[in-house]
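Colleague: Supplied in structure tokens, the structure appears directly below.
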Amino acid sequence: MSDTPAIELRKINKSFGPVHANKDIDLVVKKGSIHGIIGENGAGKSTLMSILYGFYAADDGDILINGEKVTISDSKAAIGMGIGMVHQHFMLVDNFSVLENVVLGAEDSALLAGGLSRARTTLKHLEDEYELRVDPDALIQDLPVGLQQRVEILKALYRSAEVLILDEPTGVLTPAEADHLFKILEVLKNEGKTVLLITHKLREIMKVTDTVSVMRRGEMVATRETAKTSMEELAELMVGRSVLLRVDKDPATPEAPVMEVENLTVTDSRGVQVVKDVSFTVRAGEIVGIAGVSGNGQSELLETLCGIRRATSGTLKINGETIDLGTSRLDAADMRAKSMGHVPEDRHRMGLINSFYEYENSILGYHRDPAYSKGVLMDLGAIKKNAVAEIEKYDIRPPNPMLKTANFSGGNQQKIVLAREIERDPEVLLVGQPTRGVDIGAIEFIHRRLVEMRDAGKGVLLVSVELDEIRALSDRVLVMFDGKIVGERGANAEEGELGLLMAGVEDNQTAAAGGAQ
Amino acid sequence: MNSGQLPRWADYGLIPFLNLAAAFLVSGLVVVLIGENPLEAVKILVWGSLGYGEGIGFTLFYATNFIFTGLAVAVAFHAGLFNIGGEGQAYIGGLGVAFACLALDQYVPWYVTLPFAILGSAMMGAAWALIPGWLQATRGSHVVITTIMFNFIASSLMVYLLNNILKKPGSMQSETRTFEEGGRLPFLNDIFPSFGFGYAPVNLSLFVALGACVLVWLLIWRTKLGFEIRSFGANATAAVYAGISPVKTIVVTMLISGGLAGMMAINEIMGSQHRLLIDFVTGYGFVGIAVALMGRAHPVGIVLAAVLFGMLYQGGAELSFEMPSITRDMIIVIQGLVILFAGALEHMFRPTIVRLFTPSRALKAKEA
């Protein structure tokens, strides 16, 4: 194998208006290696990969592939040069078969039949070569996400990709599926392919890459051989200062229950039971974590508890009051009135209105509070004063309540939501994916706030697909699989054990007990 | 995101101006094609609408209608609803005005009748928007479909009522009796003779319309209800998260929207015609959509856009009189072009303008 790098970037620059997303980026990716690119949200990783994949044109700078200077005008050109991309959100047609999806866009004749049978042979060949087994006739909608991702990889290989870019590939996978993915990447590497892995998870970088490059604020700040670096060093490079990867907290001193959920069942609009007979308790002064792979009923559970979604049956005891969730018509405002705060999983879709000013979002859901109104009018003075106070306390940047919310970064947007919900001092706080798309610096801050909330004697219910986060914060961990709580573990649960539960492996320890206490 | 990249003056001034300029440019080409001098045509149009007192009076009279229907569409816009039933709501609103006037005109002066006429027209207009609003809120039937269907129902209903129930006995006309003094709003020409509005029917409802602008501004940007309406319009999921009821918001917004459209009838019925008659709305409800779009659903913009469309109506009438080859239909073509550029193609120039603005701001950021 020659020493010519598979990809070389020289002085790549890209600006979006006033935002300099990529500044003089240099990058050398060795052929046949797994190269990680790590950085906080907004560090410019995605922009850089989009330039490489032809979505954006760089303002200036050179791209060299196999030592030759190239211009990548669109993704078709990128594919032509042997660059394949596996997106974070799969680009698959749900009701097409695996084979049809692989061929889609690369049909080599006007009539499908001939092309499909040739494709079937090629696909079979690829599956054997890279040990990527998928039934070519299965429909995408019937496949678990791990296999769907495999189809995405096959799609790229089918188009003769030599370089494979994976953008946050493990976000939707169980730990076991992620391990499997890493094995596939090893096989690809051994077959001489080059892999570019974009992620914000340090653990994955350490586990699978040969080389790692760190981006911060649009600049490439360092490139290290993975074997010669550590998670601490990488985290520091990402943030620009030393960070605490653990959450410092004392053991919980839980008191009386503040929220008791009994036999909760939720059916979605298609008539499918998404939450099945779930019971659990949250006590004052503890953080209860709900672990699970995305899509196993956690979202619906949160939405039902906070009054957005209707339950089929079940009861909720909150602050001593018993509510029949099957018949009650309580909405989100009513639940807030019962001292339940809610940081929703998806702040863009639900937690914030992006076109509103910051101060307007700082009271969203609390706008009827007499503290923020004068009769039918809103008390803009009081609202802005409160917004300024929260901005200061939560270090929201830029510190300007008159700015449109869309102009804040992910971490700061999340702080706006968190400030709004925590500062109303609820007895129970429901938190969904509190650090999704949030940079490390802000993660530390958010985690500390949640622990403070707990230490102040409030009950916190935390739903997260980040197992590290669940383990770092929770005093008790409940694992959800297929709408059921399949196990409960203490604060010091093993990752492997939780991973098995998340994958639906029968739990002997708590199955008999029928869920949580 | 897009509007965040432009300074306010460009968003609210430059882009509408460019849209308008494009509309007039294309209109000018049409005028050239039929063999007339476009500059001459513009001169007649502007002079006809703004050049003398009576012309201004007519322009303002039409503008009053457009303010009401424009506000109606704008309020619904803020909740993400597209109320294109202003036509029918205004028509039915006429019933409310007529009931108040027919009942009171012989006994009390106009200023006693007016509050009842306002209330009546708003209530009738709101009632006509209630069913579409309710169906949208609870059944998901799209208001665009239902409100336009209700325009036709309103039309038939009014023909029936005017021919069978409300018609003046012994008359051949499909209209009620003419109101007495107590059912007529004073013409502005009688109040301010020095302006020389002449026979133009512009009347006190202009001030009712301006008052409605202030109230709508307060409602949308200063009240809790307005906050809920805007929240729902901008992000319905977030609104539900915030405990805002979609059903209540949709129904209440449609009631307000319908009420504003209904109030247009005050200007036509109590202010000008002094009787309820067939087809007095004649497209004002639909033009309200263009007015709201062009005015960026903001009362100040709506007043400006309403005056512009008032000019097109009045100046257009003069134009077809002065240049017979420019028929009444040609005027409608020109109005249509303005609606096309201001409304449907509103985003045509935006990307270019955004591009023109961003690099210069980037440079400034660098220098700073």
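Colleague: What strands (runs of 3 or more DSSP E) lie completely within the stretch A:46-96 and have 3 or more residues being under 26 Å from A:His20 (Cα atoms) and not charged (D, E, K, R)?
Modeller: A:60-65, A:83-86
Colleague: Any residue at all in the stretch B:144-163 that is touching a Leu at 6+ places or on another chain (Cβ under 8 Å) and closer than 18 Å to B:Val251 by Cβ?
Modeller: yes
Colleague: Could you check how many residues of the stretch A:51-64 are out of contact with any helix residue (DSSP H, G or I) (no Cβ under 9 Å at 6 or more places or on another chain) and crowded, with 22+ Cβ neighbours inside 10 Å?
Modeller: Count: 1.
Colleague: What's the total number of residues in the stretch A:334-350 that are touching a Lys or Arg at 6+ places or on another chain (Cβ under 9 Å), under 27 Å from A:Asn407 (Cα atoms) and either facing another protein chain (nearest Cβ under 7 Å) or basic (Lys, Arg) (or both)?
Modeller: Count: 1.
Colleague: Within the stretch B:218-251, how many residues are within 13 Å of another protein chain (Cβ to nearest Cβ), touching a residue at least 12 places away in the same chain (Cβ under 8 Å) and more than 27 Å from A:Glu421 (Cβ to Cβ)?
Modeller: 1
Colleague: Does at least one position in the stretch A:38-45 carry a residue that is assigned to a helix (DSSP H, G or I), in contact with a strand residue (DSSP E or B) (Cβ under 7 Å, 6 or more places away or on another chain) and buried (at least 16 other Cβ atoms within 10 Å of the Cβ)?
Modeller: Within the stretch A:38-45, the subset assigned to a helix (DSSP H, G or I) is A:45.
Adding the requirement that they be in contact with a strand residue (DSSP E or B) (Cβ under 7 Å, 6 or more places away or on another chain) leaves A:45.
Filter once more, so that each one left must be buried (at least 16 other Cβ atoms within 10 Å of the Cβ): A:45.
Yes.
Colleague: Can you find a residue that is among the hydroxyl-bearing types (Ser, Thr, Tyr) and within 12 Å of chain B (Cβ to nearest Cβ) anywhere in the stretch A:392-408?
Modeller: Yes; the residues of the stretch A:392-408 include at least one that is among the hydroxyl-bearing types (Ser, Thr, Tyr) and within 12 Å of chain B (Cβ to nearest Cβ).
Colleague: Of all the strands (runs of 3 or more DSSP E) wholly in the stretch A:286-351, which have at least 3 residues that are in the same structural domain as A:Asn492 (by TED's automatic domain parsing) and surrounded by fewer than 16 Cβ atoms within 10 Å (Cβ to Cβ)?
Modeller: Answer list for the stretch A:286-351: A:321-324.
Colleague: To continue, here is another question. Out of the stretch A:406-418, which residues are farther than 19 Å from B:Gly243 by Cβ and either in contact with a Leu (Cβ under 8 Å, 6 or more places away or on another chain) or in a helix (DSSP H, G or I) (or both)?
Modeller: At the first step, the residues of the stretch A:406-418 found to be farther than 19 Å from B:Gly243 by Cβ are A:406-415.
Scanning the stretch A:406-418 gives A:Ala406, A:Asn407, A:Gly410, A:Gly411, A:Asn412, A:Gln413, A:Gln414, A:Lys415.
Colleague: Right, something else. If you scan the stretch B:129-164, which residues turn out to be touching a helix residue (DSSP H, G or I) at 6+ places or on another chain (Cβ under 9 Å) and of a type in the set (Gly, Ala, Ser)?
Modeller: B:Ala129, B:Gly133, B:Ala137, B:Ser141, B:Ala154, B:Ser155
Colleague: A further question follows. Which one of these is in a helix (DSSP H, G or I), under 14 Å from A:Gly351 (Cβ atoms) and at pLDDT 95 or above: A:Glu390, A:Glu421?
Modeller: Details: A:Glu390 fails: under 14 Å from A:Gly351 (Cβ atoms).
From the options A:Glu390, A:Glu421, the qualifying one is A:Glu421.
Colleague: To continue, here is another question. What are the pairs, 6+ residues apart or on separate chains, where a residue within the stretch A:300-321 that is within 13 Å of chain B (Cβ to nearest Cβ) has its Cβ under 8 Å from a residue that is surrounded by fewer than 21 Cβ atoms within 10 Å (Cβ to Cβ) and among the acidic types (Asp, Glu)?
Modeller: A:Gly307/A:Asp331; A:Gly307/A:Asp334; A:Ile308/A:Asp331
Colleague: Say whether the condition of being of a type in the set (A, V, I, L, M, F, W, C), out of contact with any Leu (no Cβ under 8 Å at 6 or more places or on another chain) and surrounded by fewer than 24 Cβ atoms within 10 Å (Cβ to Cβ) is met by at least one residue in the stretch B:245-260.
Modeller: Checked the stretch B:245-260: at least one residue is of a type in the set (A, V, I, L, M, F, W, C), out of contact with any Leu (no Cβ under 8 Å at 6 or more places or on another chain) and surrounded by fewer than 24 Cβ atoms within 10 Å (Cβ to Cβ).
Here is a yes/no grid of residues against (1) buried (at least 23 other Cβ atoms within 10 Å of the Cβ); (2) touching a residue at least 24 places away in the same chain (Cβ under 8 Å):
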{"position": "B:Arg8", "(1), (2)": "no, no"}
{"position": "B:Leu14", "(1), (2)": "no, yes"}
{"position": "B:Leu18", "(1), (2)": "no, yes"}
{"position": "B:Ala22", "(1), (2)": "no, yes"}
{"position": "B:Ile34", "(1), (2)": "no, yes"}
{"position": "B:Ile44", "(1), (2)": "no, yes"}
{"position": "B:Gly51", "(1), (2)": "no, no"}
{"position": "B:Glu54", "(1), (2)": "no, yes"}
{"position": "B:Asn65", "(1), (2)": "yes, yes"}
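Colleague: Next up: Part of a helix (DSSP H, G or I) and surrounded by 15 or more Cβ atoms within 10 Å (Cβ to Cβ): does that describe A:Gly115?
Modeller: yes
Colleague: Can you name the residue in the stretch A:366-380 that is at the interface with another protein chain (Cβ under 7 Å from one of its Cβ atoms) and in contact with a Phe, Trp or Tyr (Cβ under 7 Å, 6 or more places away or on another chain) and, of all such residues, is farthest from A:Val460 (Cα to Cα)?
Modeller: A:Met378
Colleague: Also, quick follow-up: In a helix (DSSP H, G or I) and either surrounded by 14 or more Cβ atoms within 10 Å (Cβ to Cβ) or over 24 Å from the mean Cα position of the chain (by Cα) (or both): does that describe B:Ile220?
Modeller: Yes: the conditions hold for B:Ile220.
Colleague: Let me ask something else about it. Name the pairs whose Cβ atoms lie under 7 Å apart, with the first residue in the stretch A:127-156 and assigned by TED's automatic domain parsing to the domain that holds A:Val93, the second small (Gly, Ala, Ser), and 6 or more positions between them or separate chains?
Modeller: Filtered contacts from the stretch A:127-156: A:Pro136/A:Ser97; A:Asp137/A:Ser97; A:Ala138/A:Ser97; A:Leu139/A:Ser97; A:Ala156/A:Gly84.
Colleague: Something else about it: Given (1) in contact with a helix residue (DSSP H, G or I) (Cβ under 6 Å, 6 or more places away or on another chain); (2) closer than 20 Å to B:Val281 by Cα, where does B:Gly80 come up short, assuming only one miss?
Modeller: Condition not satisfied by B:Gly80: (2).
Colleague: Can you confirm whether B:Ile266 is of a type in the set (Val, Ile, Thr), at pLDDT 95 or above and either within 13 Å of B:Gly125 (Cβ to Cβ) or surrounded by fewer than 21 Cβ atoms within 10 Å (Cβ to Cβ) (or both)?
Modeller: Yes; evaluated as a whole, the condition is true for this residue.
The values are calculated or read from the model by the stated rules, or taken from the named source; none is laboratory data. Keep in mind that this is a model prediction, so the values were computed, not measured. Cβ sites come from the backbone with ideal geometry, for glycine too, and all protein chains shown count toward neighbours.
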